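The values are calculated or read from the model by the stated rules, or taken from the named source; none is laboratory data. Since we're looking at a predicted model, the values are computed, not measured. Cβ placement follows ideal geometry from the backbone for every residue including glycine, while neighbour counts extend to all protein chains displayed. Remember, those area values only see protein heavy atoms, side chains included, never the ligands or the DNA or RNA. Shrake-Rupley method; radii C 1.70, N 1.55, O 1.52, S 1.80 Å.
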Amino acid sequence: MKPLSLLLAVALGWASAVAAGPAVIECWLVEDAGGGRLAKRPAALLLRQGPEAPPPRPDLDPQLYFRVLDPAGALQSAFRRYPASAPAPHCEMSRYVPLPAPAKWVRGLAPEQSCPRALDGTWFMVSMSSPVVSLSSLLRLQSEPQPEPAVITRATAVLTVVTHTPTTRIRLGQDALLDLSFAYMPPTPEATASLAPGPPPFGLEWRHQHQGKGHLLLAATPGLDGQTPAARDGAVAFAAWDDNEPWGPWTGNGTLRLPAVQPRQEGAYMATVHLSYLQGQVTLELAVQKPPKVSLTPAPLVWAAPGEAPPELLCLVSHFYPAAGLEVEWELRGPDGSIQEAKGHQWLSALHHHSDGSVSLSGFLQPAPVTSAQHGARYACRVHHPSLPPLGRSAEVTLEVAGRSGPSLEDGIGLFLSAFLLLGLLKVLCWAAVYLSTSKKSKEKKSQ
C-alpha cells in the first residue's frame with residue numbers, strides 16, 4: 001500500500017500545484033533610457049511563499065525581486081485555475097505616479113488639488129497578458145525597513161483589474177459578455193482612516209477602438225452624483241462592488257454586455273477602473289464570427305461518359321464573417337477511399353454583402369475528363385474558415401460514369417424506344433385478336 005499512498009500523495013500535490021497557479025511570475029521593468037529609447041531589466045513577482053525564506057534569485061537586482069502581498073486575493077484568484085499547458089503570461093512593469101483622472105465626468109473622485117500624503121511612496125504598474133487571463137495591478141513598495149542584506153523587496157497590491165476573457169469570439173448577432181473584475185485595498189492605515197466606512201466611489205470606463213478609430217462606449221460612477229456620457233450601442237455594465245466591508249479589502253464587477261453584436265463592434269475594448277488618484281486598465285479583444293453554410297450543385301449526382309468532362313460544379317459558401325481567412329478546396333474522393341485534389345479549372349466569384357454584415361461567394365470547378373475507373377467517386381467542396389473546426393465543412397456529389405452501373409443516357413433512350421415499340425406491338429396484337437374473335441362470331445350467326 002505504501003507505493004499507492006505515495007503515488008496518491010504525489011498526484012494530489014501535483015493537482016494542488018496546478019490549481020494554485022504559478023508561484024513566481026517573470027517580468028520586465030521598462031524604463032525610459034533617454035533619446036526616445038526604452039530599456040528593459042529583468043524582474044520577478046513572488047506571489048506565493050511558504051514559511052521558509054524566499055527562494056534566492058542571484059540573477060536579479062533585489063530591488064526588482066518583489067514579494068507581493070495581496071490582501072484582496074485578486075492576483076491569487078486570477079492564477080488559481082491557470083492551466084499548466086498554457087504559456088507563461090507576458091509581464092511588464094513600469095513606474096507609476098498617482099494622479100487624478102483627466103476626464104471631467106470622473107473628477108469628483110479626486111476633489112483635492114494635490115495627491116494626499118497617504119499615497120506617497122514608490123509605485124509600480126504591472127501588466128500581464130496571456131490567452132487565459134489579462135490584468136493590471138498597482139503595487140506600492142512597503143515603507144517598513146528591509147532586513148539586511150535585503151534579498152527581496154516587499155510590495156502590496158493596491159488596485160488590481162482582471163479579465164478572464166482577454167479574447168472573446170462571438171457569433172454574429174449574439175450578445176457578448178466581456179468579463180471584468182477588480183479589487184482594492186487602501187495602501188496604508190492612514191489612507192483607510194481618511195475614508196468613510198464601506199467601499200469608496202469609483203469610476204468605470206469602457207472604450208472601443210477599431211480600425212484606427214476610438215470612442216467612449218460607456219461611463220459609470222457608482223456612489224457619485226453628476227452626469228456621465230450616455231452609453232452607446234446598447235452597452236450595459238454591471239458596475240458595482242461585490243461586498244460592503246467597512247475597511248476593505250473590496251472586490252467589484254465591471255463586466256460589459258453588448259447586445260446583438262455586429263461586425264462594426266469587433267476590435268479592442270479598453271476597460272479602466274478609476275479610484276481617487278489611482279487607475280487600472282486592461283485591454284480585451286472582441287472577434288465577431290459567423291460560420292459559412294456550404295452547398296454544392298448539381299446534386300446528388302453528376303453524369304459523364306468516359307473521356308468526357310462532367311458538368312460545371314458550383315459550391316455556394318453563404319452568410320459567413322469575416323471575409324478574410326476563407327479557403328475553398330476541391331477534392332476527388334475515390335471509390336477506394338483515396339482523396340486527391342480534383343483536377344480542372346477553379347475560380348471564385350466576387351463577394352456578395354448582406355444586410356447583417358455577413359458575406360457570400362461561389363466557388364466553381366470545371367472538372368477534367370473522367371475515366372470508367374472513376375465511377376462512384378465523389379467531388380467534394382471543402383471550406384476552411386476561422387469560425388470552423390480545423391477540418392472545415394464540406395459538401396459532395398457522386399460521379400456516375402455511363403456504361404459502368406445502371407443505365408446511361410443513351411441506354412435510357414434505347415429502353416424508352418424499346419418499351420414504346422413493345423407497347424405498340426401489344427396493342428396491334430390485341431386489336432387483331434379482338435377482330436378475329438368478332439369475325440368468327442359473325443360467321444357462326446350467319447350459318448345458323
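General observations
- Being open to solvent by 20 Å² or more (accessible area, probe 1.4 Å), of a type in the set (F, W, Y) and in contact (Cβ under 8 Å) with a residue 40 or more places away in the chain holds for only one residue in W247, W206, and it is W247.
- Residues located in segment 64-100, provided they are in contact (Cβ under 8 Å) with a residue 60 or more places away in the chain, outside any strand (DSSP E or B), closer than 22 Å to S130 by Cβ and open to solvent by less than 40 Å² (accessible area, probe 1.4 Å): L64, D70, A72, G73, A74, L75, A78, Y82, P89
- Test for G203: is it in contact with a helix residue (DSSP H, G or I) (Cβ under 7 Å, 6 or more places away or on another chain) and small (G, A, S): yes
- The combined condition, being open to solvent by 20 Å² or more (accessible area, probe 1.4 Å) and within 19 Å of A183 (Cα to Cα), is not fulfilled by D61.
- Test for E31: is it touching a residue at least 60 places away in the same chain (Cβ under 8 Å) and charged (D, E, K, R): yes
- Condition met for A235 (free of Cβ contacts under 8 Å to residues at least 24 places away in the same chain and farther than 22 Å from T160 by Cβ): no
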